[in-house]
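Below is one structure, written out as structure tokens, with a few remarks after it.
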Amino acid sequence: MNPREVLVCSGTACRSAGAVEVLRGLKAAASDCGLADRVRWIETGCMGPCAKGPVLRVIPDDVLYTEVCPADAEVIVREHLVGGRIVDRLLWEEGVTSPVELPFFAHQEKRILAHSGTIDPTRIRDYEQCGGYTALERALQRMSPEEIIDTIAEAGLRGRGGAGFPTGRKWRFTHDAPGVIKYVVCNADEGDPGAFMDRALLEGDPHAVIEGIVIAARAVGATQGYVYVRAEYPLAISRLTGALQEARDRGCLGVDVLGTGFDFDLEVRVGAGAFVCGEETALLASIEGRRGAPRSRPPFPAQVGLYGYPTLINNVETFANVPAILRNGVEAYVALGTEASKGTKVFALAGQVRYTGLVEVPIGTTLRDLVEDIGGGVPEGRTLKAIQIGGPSGGCLPASLLDVPIDYETLTEHGAIMGSGGVIVLDDTACMVNVARFFLDFTASESCGKCVPCRVGIPTMRDILTRITVGEGVAEDLDRLRELAGVVKSNALCGLGQTAPNPVLSTLRYFQDEYRSHIEDRLCPSGVCTALLASYTIDPETCKACGQCAAVCPAGAAQGETGGSPFRIDEGLCIRCGSCFDACPFGAVPRGGGS
């Protein structure tokens, strides 16, 4: 039997679904079969399809197994590793073994995620076998700082943290800033709800990020750097910390890097998880041990940054692009993307879509490609209503804009932003007024409160939205929301406040009929705003008397006998919590109704 490798996805999502227990079971079963020394077990980073986890691949057979549970471990070893027979019931689709044959993978172009899910992120040797640190060697031994910057600028790399600022230009600003002491900071404070791109990169390919940071340090003349990671990412912190030590041991960090006379070291700084610390000046304040709050700009960090010295700040994904650009050349990089935005973008696909997970596509890919071709569309029986892109600061685009290309300028034109890459798919059960209120509630609670537009304006908008969702809205509220949004966008101190109104403005732009329905008809068309519901009912023609509604009803309003006549809801006891709607597997509890 040929030696095999078994790649077990050990990113946070798969670990939470039981990947560690699966791997333990595989090793035990293999030992019992005498295979302990004939199989290499590799704990990888995220493979992408988080909704199908735990997932694993058998190499060189190139067979992908999904939704594997610990009880399946013995079967995989006995049938596949020993008997050479594929376990069909664990395949994603019947008869499809290789990932490249699945739409989820076939429609992607993995450049940044090329190693995540295929190597052991805790072994620098695995990264080196994929060409790792050759770009750093080239940058230090054969390129001047100016040549490195020119190469990044020629590639057209734009910052992947959200704003899309040209990376080469930012590097040049820092390089040209006067001063002997300079810093490089990697922003890994990923705080958007539903976003996990940076976390997955640090978990699955930390050396790519480190290599990119060291190259950037050489380009701008920095000798010290920091990776600012939020404390909610323990696995990312652990793997990054281990990778840093490996890089030092290999001479890729520290004094006299790769024997070139260049000194640079990198440290991890753990943040408490404040969303505002994703803003670069607030992040720097936190590293310095001060309260994480933004300051006015200019001067920009490239001029006056950490401890008052010129500082280059890019996010995780931006740095991860750098080694590939130097290793494979500018032409290979610019072959993907649009005229104004080159390369690929990593997205975290979440919400009401069949296949949630981590995906990478060329910039310019349409929303339809992302949501339908890769994500498989919304669940059966539901219809797509909106795509929320760009995190809490992003916008909600309607299903009619599915063919819009995903690039910085086009999304801004339609009222959204690229952001760091969070994408939340919303189906027809979503109330867009409530969605806007949710994001305003988030940004209001995460605001540092330093400036009046943010401290007062965002909570005021949130309160107006709350009134609308409980049936107390008036027609003038829509004009008030637009006016307040304009004031906050124009006058807030930092990006958090300046972009916070986007969910409100985009939902007003595309879903104004839902706002008017809440205000004029006192009706929530999606049935989410329970204060606007007369009651919940059970359709006797659809009800199967399974008893699921009664099992979850906290007030005892869902009544009936399992297996008997259709259940009913006692309106006098119903508290309109919606538990029955969520629990019913047959759609027998319709939503809607006026108060």
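Scanning the range 29-62 for residues that are among the acidic types (Asp, Glu) and either open to solvent by less than 20 Å² (accessible area, probe 1.4 Å) or closer than 19 Å to residue 16 by Cα (or both) turns up just one, 43.
Taking first residues from the range 87-107 that are under 12 Å from residue 376 (Cβ atoms) and partners that are among the charged types (D, E, K, R) and in a loop (DSSP other than H, G, I, E, B), the Cβ contacts under 9 Å between residues at least 6 apart in sequence or on separate chains come to 92/67. Out of curiosity, is residue 543 in a loop (DSSP other than H, G, I, E, B), modelled with pLDDT of 95 or more and buried (at least 18 other Cβ atoms within 10 Å of the Cβ)? For residue 543, the condition - in a loop (DSSP other than H, G, I, E, B), modelled with pLDDT of 95 or more and buried (at least 18 other Cβ atoms within 10 Å of the Cβ) - is met. Checked against (1) within 28 Å of the chain's Cα centre (by Cα); (2) of a type in the set (Ser, Thr, Tyr); (3) not in a helix (DSSP H, G or I), residue 506 passes all but a single condition, namely (3). Looking across the range 559-569 at every residue that is modelled with pLDDT under 95 and open to solvent by less than 50 Å² (accessible area, probe 1.4 Å), the one that is farthest from residue 526 (Cα to Cα) is identified as 564. Do we find a residue being out of contact with any strand residue (DSSP E or B) (no Cβ under 7 Å at 6 or more places or on another chain), closer than 19 Å to residue 427 by Cβ, small (Gly, Ala, Ser) and at pLDDT 90 or above anywhere in the range 579-588? Checking the range 579-588: at least one residue is out of contact with any strand residue (DSSP E or B) (no Cβ under 7 Å at 6 or more places or on another chain), closer than 19 Å to residue 427 by Cβ, small (Gly, Ala, Ser) and at pLDDT 90 or above. Inside the range 85-131, residues that are among the charged types (D, E, K, R) and part of a loop (DSSP other than H, G, I, E, B) make up a count of 7. In the set (1) on the phi < 0 side of the Ramachandran plot; (2) out of contact with any Gly (no Cβ under 9 Å at 6 or more places or on another chain); (3) not small (Gly, Ala, Ser), residue 44 fails one condition alone, (2). Quick one: would you say residue 168 is touching a residue at least 40 places away in the same chain (Cβ under 8 Å) and under 27 Å from residue 254 (Cα atoms)? No: the conditions fail for residue 168.
Taken as a whole, the condition of being of a type in the set (A, V, I, L, M), at negative phi and at pLDDT below 95 applies to residue 276.
Pick out the one residue from 553, 574 that is over 30 Å from residue 484 (Cβ atoms), surrounded by 19 or more Cβ atoms within 10 Å (Cβ to Cβ) and either over 37 Å from the mean Cα position of the chain (by Cα) or touching a residue at least 40 places away in the same chain (Cβ under 8 Å) (or both).
Working: 553 fails: either over 37 Å from the mean Cα position of the chain (by Cα) or touching a residue at least 40 places away in the same chain (Cβ under 8 Å) (or both).
Being over 30 Å from residue 484 (Cβ atoms), surrounded by 19 or more Cβ atoms within 10 Å (Cβ to Cβ) and either over 37 Å from the mean Cα position of the chain (by Cα) or touching a residue at least 40 places away in the same chain (Cβ under 8 Å) (or both) holds for just one of 553, 574, which is 574.
Scanning the range 419-428 for residues that are more than 12 Å from the chain's Cα centre (by Cα) and either assigned to a loop (DSSP other than H, G, I, E, B) or among the acidic types (Asp, Glu) (or both) gives 427, 428. Where the second residue is of a type outside the set (Gly, Ala, Ser) and open to solvent by 60 Å² or more (accessible area, probe 1.4 Å) and the first is more than 18 Å from residue 506 (Cα to Cα) and lies in the range 458-480, which pairs have Cβ atoms under 6 Å and are six or more apart or on separate chains? Close Cβ pairs satisfying both conditions: 471/522; 473/467. The set of residues in the range 353-377 being within 15 Å of the chain's Cα centre (by Cα) and either at negative phi or not in a strand (DSSP E or B) (or both) consists of 353, 355, 356, 358, 359, 360, 361, 370, 371, 375.
Within the range 378-401, the set of residues being open to solvent by 10 Å² or more (accessible area, probe 1.4 Å) and in a loop (DSSP other than H, G, I, E, B) comprises 378, 379, 380, 381, 382, 383. For residue 8, are the conditions met, namely being among the aliphatic types (A, V, I, L, M), open to solvent by less than 40 Å² (accessible area, probe 1.4 Å) and in contact (Cβ under 8 Å) with a residue 24 or more places away in the chain? For residue 8, the condition - among the aliphatic types (A, V, I, L, M), open to solvent by less than 40 Å² (accessible area, probe 1.4 Å) and in contact (Cβ under 8 Å) with a residue 24 or more places away in the chain - is met. Taking the listed residues 457, 449, the one that is open to solvent by 10 Å² or more (accessible area, probe 1.4 Å) and either outside any helix (DSSP H, G or I) or modelled with pLDDT of 95 or more (or both) is 449, with no other qualifying. Looking only at residues that are acidic (Asp, Glu) and farther than 24 Å from residue 365 by Cα in the range 83-134, which one is farthest from the chain's Cα centre (by Cα)? Going through the qualifying residues, I end up with 88.
Look through the range 188-232, keep the residues that are part of a loop (DSSP other than H, G, I, E, B) and modelled with pLDDT of 95 or more, and return whichever of them is surrounded by the most Cβ atoms within 10 Å (Cβ to Cβ). Top of the filtered list is 205.
Inspect the range 515-526 for any residue being more than 26 Å from residue 432 (Cβ to Cβ) and without any contact (Cβ under 8 Å) to a residue 12 or more places away in the chain and give the result as yes or no. Write out each step before concluding.
Just the residues of the range 515-526 that are more than 26 Å from residue 432 (Cβ to Cβ), to begin with: none.
Within the range 515-526, not a single residue is more than 26 Å from residue 432 (Cβ to Cβ) and without any contact (Cβ under 8 Å) to a residue 12 or more places away in the chain.
Among the residues of the range 489-540, the ones that are open to solvent by 60 Å² or more (accessible area, probe 1.4 Å) and in contact with a helix residue (DSSP H, G or I) (Cβ under 6 Å, 6 or more places away or on another chain) come to 5 in all.
Among the conditions (1) of a type in the set (A, V, I, L, M, F, W, C); (2) under 18 Å from residue 160 (Cα atoms); (3) surrounded by fewer than 24 Cβ atoms within 10 Å (Cβ to Cβ), the only one that residue 404 does not satisfy is (2).
Filtered by the rule that a residue be open to solvent by 40 Å² or more (accessible area, probe 1.4 Å), out of contact with any strand residue (DSSP E or B) (no Cβ under 8 Å at 6 or more places or on another chain) and over 12 Å from residue 302 (Cα atoms), the range 150-178 gives 150, 154, 163. Counted as qualifying within the range 238-350 are the strands (runs of 3 or more DSSP E) with 3 or more residues that are touching a residue at least 24 places away in the same chain (Cβ under 8 Å), in contact with a strand residue (DSSP E or B) (Cβ under 7 Å, 6 or more places away or on another chain) and surrounded by fewer than 20 Cβ atoms within 10 Å (Cβ to Cβ), namely 262-271.
The values are calculated or read from the model by the stated rules, or taken from the named source; none is laboratory data. On a predicted model such as this, the values are computed, not experimentally measured, just so you know. Cβ atoms come from the backbone with ideal geometry, glycine included; neighbour counts cover every protein chain shown. The area values use the complete protein model at the heavy-atom level, side chains included, leaving out ligands, DNA and RNA. Shrake-Rupley method; radii C 1.70, N 1.55, O 1.52, S 1.80 Å.
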